[in-house]
Every structure is written in structure tokens, then in C-alpha cells.
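The values are calculated or read from the model by the stated rules, or taken from the named source; none is laboratory data. If you're wondering where the values come from, they're calculated on a predicted model, not measured in any experiment. Here Cβ is always computed from backbone atoms with ideal geometry, including for glycine, and neighbour counts include all displayed protein chains. For the accessible areas, the whole protein counts, side chains as well, though only heavy atoms, and no ligand, DNA or RNA atoms are used. Shrake-Rupley method; radii C 1.70, N 1.55, O 1.52, S 1.80 Å.
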Amino acid sequence: MIPMIGVGACVSVQFAAFTQAKKWFLGDNTSRPLSMNELFWAGAFAGVANSVLSAPIEHIRIRLQVQSGATLSPFALMSDIKQKYGLGAIWKGWGITATREFAYGAYFVAYEASLRLFTPKGKTVNDVHPIWLMLSGALGGEAMWIVSYPIDVVKSRIQSDHLDPKQATYKGVADCFKYVWRTEGMYGFWKGFVPCAIRAFPVNAATFAAYELVMRMMGGRDF
């Protein structure tokens with residue numbers, strides 16, 4: 001349930017925040033194309049805005065995946081964490097999550113750059129064939145994970161660690177980075193990347209294609 005609810009909410013926040021940031025950069029001149037630098041920062045803003053939701057959602061999902069013995073439902077787990085460690089504990093790992101979400105800059109840059117490449121001469125993004133929309137989305141997803149995966153590995157370890165600081169394996173994010181490097185080397189930061197990259201291709205292809213096609217149903221994108 002958490003992934004189903006979470007994905008929809010997070011994607012909505014990402015695209016809404018990205019669109020708003022683009023408006024800020026464009027100001028009154030909505031006819032000009034945004035630079036890659038502007039797209040990066042608009043994407044990074046969208047990612048950090050999204051982290052307020054993605055941090056607790058991913059934290060709970062990770063704990064559900066690693067819990068043993070008597071298992072709890074997502075909402076029972078959140079209630080248990082709040083009761084034992086306080087409401088803030090549900091947002092454990094928010095800082096490293098927000099850092100990872102800067103990679104949405106690469107996500108949207110790769111997507112928009114690909115989209116421009118596939119836009120027919122004299123046409124707009126509203127005329128790009130759905131196949132190219134999907135490929136552009138897939139490339140955006142791959143770019144994001146290539147940039148963010150090592151940080152995501154550390155984030156997952158932090159969020160699966162004990163909530164009591166006295167019993168936690170890691171003293172903080174820096175300590176976790178050092179531990180992974182010391183015990184597993186560079187490979188430790190890329191464990192599991194291949195299945196993640198394989199999954200990212202269809203997921204982001206579908207996400208961006210759905211977004212663009214819905215926008216066309218609503219009259220198309222202006223920028």
C-alpha cells in the first residue's frame with residue numbers, strides 16, 4: 001500500500017514543483033527555451049520538495065521489507081515508531097534523502113534534452129511521438145540513478161539502522177559512507193545497481209509518457 005500511495009503522491013509533487021520552478025526561471029518570457037542549467041536547478045528543486053514525502057515513505061517501506069518476527073502493517077509501524085521514538089523518527093534519513101533528490105536535476109535535464117532532440121523541426125514537444133516520449137523518460141531515469149545510486153545505498157542503510165542512536169550501527173551519514181568504503185570499497189556503493197537500472201527504464205518511460213499525454217489532453221505544454 002505504501003508504495004502505491006507513495007509513488008502517485010511523489011510523482012505529483014515532482015512534476016508540480018518542476019513546473020513551478022520553470023515558471024520562476026522563465027518569468028514573463030515563456031517563449032524562450034530554458035537553459036540546461038535552469039532545467040537542472042528546476043529539477044533539483046523538484047527533488048528536494050519531493051523529499052518531504054519520499055523520505056518517510058521510503059523509510060517505512062524499507063523497514064517493512066526488513067522486519068522479522070511479528071510483522072506490522074505500514075500504519076501500525078508508523079504508529080509504533082512515533083510512540084517509541086517520536087514523530088520526527090518517521091523522517092529518519094531526510095537529510096540524505098534530500099541530498100539524493102538533487103539528482104532530479106540530472107533526471108529532468110536528460111529528459112528535456114532528449115525531448116528536444118526528438119522534437120520534429122518546426123514543431124513543439126506536443127508533437128513528439130509517444131515512443132520518443134518513452135525513450136526520453138527512460139533516459140532521464142537512467143541518468144538520475146547513475147548520479148544518485150551511491151547516495152541511495154547509504155540512505156537505505158541509514159533508514160534501516162536502529163532508531164535508537166545508542167544501538168545504531170552508524171553514527172551518521174559520514175560514518176556510514178566510511179563504513180561502506182572501508183568494508184566493501186567502491187563496489188559497496190554500486191551493489192544492486194543493475195536491477196535498479198533495469199527497473200528504471202520502463203518505470204520512467206511510462207511515467208513521462210503518461211505525463212505528456214495527459215498534458216496534451218489538457219491542451220498541451222506551453223514550455
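For segment 20-36, which residues satisfy the criterion of being part of a helix (DSSP H, G or I) and under 12 Å from Glu112 (Cβ atoms)?
Applying the first criterion (part of a helix (DSSP H, G or I)) to segment 20-36 yields 20-26, 36.
The answer is Lys22, Met36.
Residue count for segment 20-44 under the criterion of being touching a Lys or Arg at 6+ places or on another chain (Cβ under 9 Å) and either more than 12 Å from Phe223 (Cβ to Cβ) or modelled with pLDDT of 90 or more (or both): the result is 6. Sub-9 Å Cβ pairs linking a first residue in segment 31-56 that is within 24 Å of Gly88 (Cα to Cα) to a second residue that is basic (Lys, Arg), at least 6 apart or interchain, are Gly47/Arg100; Ser51/Arg100; Ser54/Arg100; Ala55/Lys92; Ala55/Lys155; Pro56/Lys92, ordered by first then second residue.
Here are some residues: Gly140, Gly122. Which one is at pLDDT below 95 and either more than 14 Å from the chain's Cα centre (by Cα) or buried (at least 20 other Cβ atoms within 10 Å of the Cβ) (or both)? If you could, list the steps in order and put the result at the bottom.
Values: Gly140 fails: at pLDDT below 95.
The unique qualifying residue is Gly122.
For segment 16-66, filtering for residues that are surrounded by 13 or more Cβ atoms within 10 Å (Cβ to Cβ), more than 12 Å from the chain's Cα centre (by Cα) and aromatic (Phe, Trp, Tyr) leaves 4.
Report, by residue number, each residue of segment 164-190 that is within 30 Å of Gly86 (Cβ to Cβ) and open to solvent by less than 30 Å² (accessible area, probe 1.4 Å). So that I can check it myself, show each step before the final result.
Within segment 164-190, the first condition is being within 30 Å of Gly86 (Cβ to Cβ), and the residues that meet it are 164-180.
Within segment 164-190, Ala168, Gly172, Cys176, Val180 qualify.
Please go through segment 82-100 and give me each residue that is assigned to a helix (DSSP H, G or I) and under 19 Å from Gly172 (Cβ atoms), ordered by number. Steps first, answer last, please.
If we filter segment 82-100 for residues that are assigned to a helix (DSSP H, G or I), which is where we start, we get 82-85, 87-91, 94-100.
Result: Tyr85, Gly88, Ala89, Ile90, Trp91, Trp94, Gly95, Ile96, Thr97, Ala98, Thr99, Arg100.
Applying the condition of being open to solvent by 80 Å² or more (accessible area, probe 1.4 Å) and in a loop (DSSP other than H, G, I, E, B) to segment 191-223 and asking which residue is modelled with the lowest pLDDT yields Asp222.
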